[in-house]
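Taking it in order: structure first as structure tokens, then the write-up.
The values are calculated or read from the model by the stated rules, or taken from the named source; none is laboratory data. Treat the numbers as computed from the prediction; the structure is a model and nothing was measured. All Cβ positions, glycine included, derive from the backbone under ideal geometry; neighbour counts span all protein chains shown.
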There are 2 protein chains.
Amino acid sequence: MSKSSLIQPRTLRGFRDYLPDAMMPREQLIDTARQVYRSYGFSPIDTPALEYEEILAGKGGDESDKLMYRFEDGGGRSVGMRFDLTVPLARFAAQHVAQLGVPWKRYQIATVWRAEKSQRGRYREFMQCDFDTIGTRSLAADIETAVVIHDLFSTLKLSDIHIHINHRQVLTGLLEQVGLLDQSVVVLRAIDKLAKIGHEKVAEEIETVGGASAQQAKEVLQLCNISGTNDEMLRQVEALVVSSETGMEGLHALRQIVAGASAAGVPQDKIKIDVATARGLDYYTGTVYETFLDQLPNIGSVCSGGRYDNLAKLFTHQELPGIGASLGLDRLLAAMEELGMIEKVSTPAQVFIPFFEKSRLHEYLQLATQLRAAGIGVEVFPEPKKLGQQLKYADRRGFRIALIMGDQEFSDGTCQVKNLSTGSSEEIGLDPDASNLVSAVRQLLV
Amino acid sequence: MSKSSLIQPRTLRGFRDYLPDAMMPREQLIDTARQVYRSYGFSPIDTPALEYEEILAGKGGDESDKLMYRFEDGGGRSVGMRFDLTVPLARFAAQHVAQLGVPWKRYQIATVWRAEKSQRGRYREFMQCDFDTIGTRSLAADIETAVVIHDLFSTLKLSDIHIHINHRQVLTGLLEQVGLLDQSVVVLRAIDKLAKIGHEKVAEEIETVGGASAQQAKEVLQLCNISGTNDEMLRQVEALVVSSETGMEGLHALRQIVAGASAAGVPQDKIKIDVATARGLDYYTGTVYETFLDQLPNIGSVCSGGRYDNLAKLFTHQELPGIGASLGLDRLLAAMEELGMIEKVSTPAQVFIPFFEKSRLHEYLQLATQLRAAGIGVEVFPEPKKLGQQLKYADRRGFRIALIMGDQEFSDGTCQVKNLSTGSSEEIGLDPDASNLVSAVRQLLV
């Protein structure tokens with residue numbers, strides 16, 4: 001490469017850089033998810049980005065297979081980049097179950113890759129934020145999953161949400177009664193599209209793809225049509241599935257989840273039994289969850305999950321039932337931006353110290369150290385430029401306070417504390433440990 | 001794949017899973033690094049794991065090129081997985097400099113991949129923790145880099161460290177005087193091996209590979225032999241490079257860094273001028289840093305970096321000088337484990353509520369919610385098993401407190417607070433908001 005010809009600096013299609021103002025809310029969201037997961041005893045794990053291809057292939061359905069980045073490594077091994085965190089979790093659980101014991105609760109927040117067609121406007125690299133409880137069939141875990149989802153959004157100050165829950169066995173019970181049990185995968189996939197394509201098209205799909213009669217399709221859709229409070233829903237569902245043992249088991253689970261979440265402090269109206277929530281993914285076998293923002297229902301579910309009977313059956317004979325959900329980080333960030341909840345700030349420090357008296361660098365550094373010792377983030381500008389230029393820099397970055405000290409202030413033993421949002425300043429006398437200044441800054445940062 | 005044949009659950013050679021007890025200290029270390037970087041105004045960024053091969057190739061030297069995972073993606077593009085965070089930073093800086101402005105400070109904590117020979121006992125996937133200041137030649141940034149490194153280790157409670165600093169121009173000045181300037185890359189690489197292979201072999205390498213005379217090699221090694229306090233070092237170095245302008249500039253920089261870091265509160269003896277610190281990497285042009293743990297000097301530097309003249313010259317004609325360092329996360333974790341600083345705990349929640357009265361799940365859940373509202377992490381066991389079994393589970397996971405409530409306690413309105421480390425219990429009366437219990441738990445967790 002000759003030195004005169006430059007390489008064009010660019011990212012691959014479908015990939016993106018995160019600049020500070022995009023990365024800061026992202027880190028904050030990840031921190032909140034971690035903090036909530038941890039407060040319930042979910043432990044962090046991590047798995048490699050690369051796995052043997054045979055571990056990943058065929059596990060996420062046809063589409064995941066097509067979308068997987070795969071290649072041969074230098075040692076001739078066929079490897080793939082993980083396309084989700086569930087398949088690696090299955091491999092991990094099978095491999096380490098003896099050491100981990102059950103039940104076992106994990107969270108994993110990590111990047112996954114899918115070679116999506118870029119014209120769909122989707123990214124090929126994104127982050128997943130999963131939490132799961134492995135090794136128990138107890139409904140206590142189903143209840144907790146709903147409670148964690150609610151806590152997550154409350155902590156994010158997104159309280160206008162609804163968690164839609166359903167149970168696969170309710171749907172199975174209905175299909176059993178209607179005589180469509182053998183077509184359940186097709187029918188559930190069709191139901192899942194209800195919000196998108198409407199009743200008529202769903203009925204059509206159930207008839208044409210599922211081979212159902214018009215009467216059967218009508219009966220299936222009857223279940224999806226019922227509405228009302230959770231109590232009303234439970235009564236109506238019961239009437240529809242009463243003669244199916246499977247269906248009644250699902251109904252019992254829904255009843256327990258509603259009651260248990262309420263006992264744990266989730267407001268009654270936040271959880272909504274929604275028998276049209278089927279979730280396309282084949283591996284769910286029990287409760288399923290979707291979470292919608294009231295103000296932006298059209299963006300779809302921002303936190304989804306469910307119960308699966310046997311997570312790791314391809315890797316071990318030991319049965320590992322589980323339940324979990326995944327926060328849609330990127331979708332949620334886009335939503336929060338649309339709702340005006342994201343501040344445009346590109347500095348994680350809130351206090352700025354301009355360095356404009358060339359001979360005073362040591363004093364500026366010392367002051368910054370004193371503030372940091374009090375837990376306040378401080379940036380000292382690295383070059384002795386003009387004050388005006390430095391204040392422009394501070395404004396652009398989103399600093400909240402500038403501490404201005406020129407020769408006058410140094411000889412008076414004072415400091416100008418400038419509120420960069422309002423433009424107002426106050427003069428603070430400096431004591432040896434800067435405690436006056438720390439108090440003044442804290443007051444402005446509240 | 002038939003259902004009866006299992007796939008062996010395993011990771012690729014050179015890759016590893018992180019189980020909770022390994023992941024928790026890792027997350028904590030990352031959090032500390034972030035917190036320190038942020039308190040100086042370094043902002044987070046992220047870049048894709050995959051880049052066009054032409055972006056990465058040839059940038060990290062021959063070895064990096066050999067170790068890069070590369071393949072052709074589905075669209076026929078030659079792509080590579082990042083092998084460090086510096087080359088992506090160069091691409092990023094060139095691409096976004098107009099939007100970012102300078103100076104500009106970033107941290108990036110992210111995974112990188114290198115197809116190392118696995119017999120070396122190295123991992124092929126690991127994390128880097130970098131911070132850099134881009135776009136300024138001011139020595140204030142060199143001083144700050146040393147201060148950040150010191151702060152990082154203080155915050156990690158690793159105060160027995162020494163930060164070795166040197167300046168490339170001091171070495172250049174010496175080589176200039178000795179007449180070996182044209183062989184500087186070879187000579188610096190040799191000097192860098194001093195601690196590993198000793199004086200004699202270094203002299204030999206300077207002579208054979210660098211084509212130097214025995215007298216020249218001796219003069220070079222003279223510089224590396226000097227020792228003493230920083231003041232003594234500065235005087236001796238001055239005597240050796242006094243007639244080289246370049247050398248004297250380097251000396252001036254070292255003097256400023258020592259004085260500035262001291263003004264910022266770094267104890268004088270923590271920074272050690274060490275003219276044998278050359279750092280093999282060709283792109284350093286100014287100050288270089290290495291950090292050693294006093295108790296484990298042989299593991300090598302745990303935080304290294306330096307100043308480079310022009311980070312992004314292959315991508316832009318705009319000059320982007322910079323300075324930064326990288327925390328050796330995995331090496332440091334191994335060291336902390338060796339020093340007994342890592343607790344073997346696999347739960348991030350500290351309080352455990354056994355669920356052994358089957359009909360009382362709602363009460364257990366409610367109590368957990370009250371404690372979480374007070375900021376205390378709580379796990380409720382999901383199944384109504386025998387108390388003894390549940391307490392064993394809690395012990396194994398590293399919970400610190402169990403809150404035991406059976407029928408007796410429910411009817412008395414009390415709770416047994418069991419300290420799992422000591423085995424001792426106390427009975428606490430429950431008030432409606434559990435505030436007594438919260439106080440008792442907090443007292444035990446201090």
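Results, tabulated for the structure shown:
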item	result
Within the range B:194-248, tally of residues that are of a type in the set (Lys, Arg) and either buried (at least 17 other Cβ atoms within 10 Å of the Cβ) or in contact with a strand residue (DSSP E or B) (Cβ under 6 Å, 6 or more places away or on another chain) (or both)	0
Qualifying residue in the range A:204-211 (condition: in a helix (DSSP H, G or I), more than 30 Å from B:TYR364 (Cβ to Cβ), modelled with pLDDT under 90 and over 35 Å from the mean Cα position of the chain (by Cα))	no
Matching residues in the range B:55-71 - criterion: being at pLDDT 95 or above and loosely packed, with under 13 Cβ neighbours inside 10 Å	none
Tally, over the range A:419-428, of residues that are among the small types (Gly, Ala, Ser) and surrounded by 11 or more Cβ atoms within 10 Å (Cβ to Cβ)	2
Whichever residue in the range A:343-361 is within 14 Å of A:TYR393 (Cα to Cα) and in a loop (DSSP other than H, G, I, E, B) and, among such residues, is nearest to the other protein chains (Cβ to nearest Cβ)	A:ALA349
Residue within the range B:86-98 that is surrounded by fewer than 18 Cβ atoms within 10 Å (Cβ to Cβ), more than 8 Å from chain A (Cβ to nearest Cβ) and either without any contact (Cβ under 8 Å) to a residue 60 or more places away in the chain or under 28 Å from A:ARG16 (Cβ atoms) (or both) present	yes
Only listed residue being under 20 Å from B:ARG124 (Cβ atoms) and within 9 Å of chain A (Cβ to nearest Cβ), chosen from B:TYR37, B:TYR52, B:TYR69	B:TYR69
Close pairs (6 angstrom Cβ cut-off, 6 or more residues apart or separate chains): modelled with pLDDT of 85 or more in the range A:112-123, hydrophobic (A, V, I, L, M, F, W, C) anywhere	A:VAL112/A:PHE83; A:TRP113/A:MET81; A:ARG114/A:LEU67; A:ARG114/A:PHE83; A:ALA115/A:LEU67
Out of B:GLY76, B:GLY80, B:GLY58, sole residue that is more than 9 Å from chain A (Cβ to nearest Cβ), without any contact (Cβ under 8 Å) to a residue 24 or more places away in the chain and over 30 Å from A:ARG400 (Cβ atoms)	B:GLY76
Helices (runs of 4 or more DSSP H) completely within the range A:1-89 that count 3 or more residues being of a type in the set (Asp, Glu)	A:20-39, A:61-67
Residue match in the range B:316-326 (condition: without any contact (Cβ under 8 Å) to a residue 60 or more places away in the chain, under 19 Å from B:ARG106 (Cα atoms), outside any loop (DSSP other than H, G, I, E, B) and more than 14 Å from chain A (Cβ to nearest Cβ))	no
Breaking point among (1) over 30 Å from B:SER262 (Cβ atoms); (2) under 16 Å from the mean Cα position of the chain (by Cα); (3) more than 9 Å from chain A (Cβ to nearest Cβ), for B:GLU125	(3)
Residue, surrounded by the most Cβ atoms within 10 Å (Cβ to Cβ), within the range B:153-192, restricted to residues that are assigned to a loop (DSSP other than H, G, I, E, B) and out of contact with any Leu (no Cβ under 8 Å at 6 or more places or on another chain)	B:LEU180
Condition met for B:ARG307 (away from every other protein chain (no Cβ under 14 Å) and either assigned to a strand (DSSP E or B) or not hydrophobic (A, V, I, L, M, F, W, C) (or both))	no
Single residue of B:ALA90, B:ALA94 found to be in the same structural domain as B:GLY322 (by TED's automatic domain parsing), among the aliphatic types (A, V, I, L, M) and within 30 Å of A:GLU72 (Cα to Cα)	B:ALA90
Residue match in the range B:103-110 (condition: surrounded by 23 or more Cβ atoms within 10 Å (Cβ to Cβ), hydroxyl-bearing (Ser, Thr, Tyr) and closer than 30 Å to A:SER39 by Cβ)	yes
Counted residues, the range B:240-280 - those being over 21 Å from A:THR369 (Cα atoms), part of a loop (DSSP other than H, G, I, E, B) and touching a residue at least 60 places away in the same chain (Cβ under 8 Å)	9
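The rows are residues; the columns are (1) part of a helix (DSSP H, G or I); (2) of a type in the set (Asp, Glu); (3) surrounded by fewer than 20 Cβ atoms within 10 Å (Cβ to Cβ).
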| position | (1), (2), (3) |
| --- | --- |
| B:TYR364 | yes, no, no |
| B:LEU367 | yes, no, no |
| B:GLU379 | no, yes, no |
| B:GLN389 | yes, no, yes |
| B:ALA394 | yes, no, no |
| B:LEU403 | no, no, no |
| B:VAL417 | no, no, no |
